[in-house]
1. Say a paramagnetic label sat at a point 7 Å from the Cα of residue 148, along Cα to Cβ; which residues of region 93-107 have their backbone N under 15 Å from it?
2. Could you work out the relative contact order of the chain? I mean the mean sequence separation of Cα pairs under 8 Å and 6+ apart, divided by the number of residues, in percent.
3. Per the helix-only calculation at 222 nm, which mean residue ellipticity applies to the chain, given -39500 (n - 2.57) for every DSSP H run of n ≥ 4 and division by its residues, nearest 500 deg cm²/dmol?
4. Helix 50-88 sits at what angle to the longest principal axis of the chain, using alpha carbons and giving 0 to 90 degrees rounded to 10?
5. Give the Kirkwood hydrodynamic radius (Å, one decimal) of region 16-59, defined as one over the mean of 1/r across all pairs of different Cα atoms.
6. Would the chain count as rounded, prolate or oblate if I go by the C-alpha gyration tensor, calling it rounded below 1.5 in a/c and otherwise prolate when a/b exceeds b/c, oblate otherwise?
7. Suppose the chain between residue 50 and residue 159 were pulled fully straight at 0.36 nm per residue; how much longer would it get relative to their current alpha carbon spacing?
8. Between residue 133 and residue 4, how many nm apart are label points set 7 Å from Cα along the C-beta direction?
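Just so you know, all these numbers are worked out from the coordinates, no wet-lab data involved. Worth saying up front: this structure is predicted, and the values here are computed from it rather than measured. Using ideal geometry, Cβ is built from the backbone for each residue, glycine included, and neighbour counts are taken over all protein chains shown.
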Ligand SMILES: [Zn+2]
C-alpha cells in the first residue's frame, strides 16, 4: 500500500520519481530528500509509475546495449586478426585470436543474458543463434591445418555449450 510509504507522501515525490527513473542512486536520493534509503528502494520497486519504470528500463537497456556494441567491435577486430593469421599460417597467433574471440563471445553471452532478463527487449541468445553456430563451424574449419589448436578449440566450445 502506498499510503504508508514515506516517499509517496513526500512533497517532492514527483521530482524524486523522475530523478530515480533518470538514474539517481538510492544514496543520493536519501541524502537529497532526507529519506530512508530502504524506503526509497521499496518505493522505487513498488510505487514508481509504469511510465517511469519504462523510462528506467530503457536507460538500463541502453547501457547494456552500448557494452554489447563495444564487445561486438572487439569481436570484429579479433576476427580480422584470426583471418590474417590463417592466411599467414601463423598457428600461435590464430590460437591467441581464437582465445580472444572466445572471451568476447562469453562476454556477449553474459551481456545479452542481462538484456534477456528485461522485458520488451529482443537480443539474440548467442549460444544457440545460427550466427554463433556458423562462427563455430568457420573457426573449426579454418583450424584444419592446426590439428592441436583445433582439438583445443573444439574442447573449449564443448565446455561453453555445457
Ligand atoms: Zn512509495
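1. 93-96
2. Working: 111 pairs, mean separation 25.3, N = 162.
This gives 16 percent for the chain.
3. Estimated from H runs of four or more residues: -25000 deg cm²/dmol.
4. 10 degrees
5. Numbers: mean 1/r = 0.0976 Å⁻¹.
It works out to 10.2 Å.
6. Verdict is prolate for the chain.
7. Full extension of this stretch gives 35.1 nm more.
8. It works out to 5.3 nm between the two label points.
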